[in-house]
Number of protein chains: 2
Amino acid sequence: MEAVSRQAHRIRILGIDPGSRITGYGVVDKIGDTFRFVSCGAIKVSAKSSFPLRLQEIHTGISEVIATLQPDVAAIEDIFVAINPRSALKLGHARGVLILAAMEQGLPVHEYAARMVKQAVAGYGQASKAQVQQMVRALLQLSGTPSEDAADGLAVALCHANHCNSLQSIVS
Amino acid sequence: MEAVSRQAHRIRILGIDPGSRITGYGVVDKIGDTFRFVSCGAIKVSAKSSFPLRLQEIHTGISEVIATLQPDVAAIEDIFVAINPRSALKLGHARGVLILAAMEQGLPVHEYAARMVKQAVAGYGQASKAQVQQMVRALLQLSGTPSEDAADGLAVALCHANHCNSLQSIVS
């Protein structure tokens, strides 16, 4: 019973900030009511690669992160801002292969609007990138400031950690 | 030498008309200046499935088609019409996992605007779906009329067959 109880209290969350050029990610453990930093980084695709090849690089990159860090769940930023259809289409491709990679390794996938992610870490939905970086650093007690993309990935993971609180309290 | 020459003259083309609900596909052999129908169909995802699950269904569906029919090249319809950003984002996800599936099995991927596809099979870029169906049926000498989605897939394959003419005449 002890093993089961310990299992219920530790959730490893992969947060993803998708992009067709740079995809930020962050992995956070939620243990009871505390957060623990695990890893963060960015998958950058070569500007010289063809678009199909870039999609493959993004898919391979996040698949390796998942295989190595073994998260229990994935959270990915959704887009509601009025970007033009061409940019939305391009970003959709990247999100598609990222979500697929998570599904292929059996992770449930949750989506959060950018506004919700900023709200969760910085307290309001219009927070700047620099504010997100500072708040992520403070919340996870990091010794340095993560890059913008990695901080966005961590922020998505923290946003999910906040939103799964109520569910977890029922489970545990 | 004979085997090499025969190889150069037969190209098997997979044409894809992507959609977040229904993806049409068609496979055509181009042998010298003639076309031969191989297969066509549609990958329909369950409306009850979550969006991540649908992406996985699309990816699995087209991967199976590729593994079974062994095309040499993939061609996929591109979108230039002014659809709204939300629809473009959704469609992008589907295109992303479709392109990835082709890349994973080593196929070069070519993209064609819907207008070019219609131009290639029906002679003008504003052809209706029914006209595309009729022209695809005539060009491939089919005994029946393929469904709208399957016909669109076949039309993309035929469009690529037309556009690789000049390259092929250099190769062969």
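For the range B:47-84, name all the residues that are outside any helix (DSSP H, G or I) and farther than 18 Å from B:Y25 by Cβ. I'd like the intermediate steps shown before the answer.
Here is the first cut: in the range B:47-84, the residues outside any helix (DSSP H, G or I) are B:47-50, B:70-84.
B:A47, B:K48, B:S49, B:S50, B:F80, B:V81, B:A82, B:I83, B:N84 - these are the residues of the range B:47-84 that are outside any helix (DSSP H, G or I) and farther than 18 Å from B:Y25 by Cβ.
What are the residues in the range A:63-84 that are within 11 Å of another protein chain (Cβ to nearest Cβ) and crowded, with 19+ Cβ neighbours inside 10 Å, if any? Once the filter is applied, which keeps residues that are within 11 Å of another protein chain (Cβ to nearest Cβ) and crowded, with 19+ Cβ neighbours inside 10 Å, the range A:63-84 yields A:A74, A:I76.
Every residue, every condition in (1) more than 16 Å from the chain's Cα centre (by Cα); (2) not β-branched (V, I, T), yes or no:
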{"residue": "A:P52", "(1), (2)": "yes, yes"}
{"residue": "A:I62", "(1), (2)": "no, no"}
{"residue": "A:L89", "(1), (2)": "yes, yes"}
{"residue": "A:L107", "(1), (2)": "no, yes"}
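Pairs are defined by a Cβ separation below 9 Å, a sequence spacing of at least 6 or placement on different chains, a first member in the range A:98-112 that is in a loop (DSSP other than H, G, I, E, B), and a second member that is acidic (D, E); the pairs so defined are A:L107/A:D72; A:P108/A:D72. With respect to the conditions (1) among the polar types (S, T, N, Q); (2) within 9 Å of chain A (Cβ to nearest Cβ); (3) assigned to a strand (DSSP E or B), B:S87 lacks only one, and its number is (3). Within the range A:34-62, residues that are under 23 Å from A:E148 (Cα atoms) have Cβ atoms under 6 Å from residues that are in a strand (DSSP E or B) and among the small types (G, A, S) in these pairs: A:C40/A:G26; A:A42/A:G24, counting only partners at least 6 apart in sequence or on another chain.
Scan B:V121, B:V27 and give me the residue that is at pLDDT 90 or above, surrounded by 23 or more Cβ atoms within 10 Å (Cβ to Cβ) and part of a strand (DSSP E or B).
On the way: B:V121 fails: part of a strand (DSSP E or B).
Exactly one of B:V121, B:V27 is at pLDDT 90 or above, surrounded by 23 or more Cβ atoms within 10 Å (Cβ to Cβ) and part of a strand (DSSP E or B), namely B:V27.
Quick check on the range A:91-149: of everything there that is among the β-branched types (V, I, T) and within 14 Å of chain B (Cβ to nearest Cβ), which residue is nearest to B:M103 (Cα to Cα)? This residue is A:V97.
The values are calculated or read from the model by the stated rules, or taken from the named source; none is laboratory data. This one's a predicted model, so the numbers in the text were calculated from it and none came from an experiment. So basically every Cβ, Gly included, is an ideal-geometry build from the backbone, and we count neighbours across all protein chains shown.
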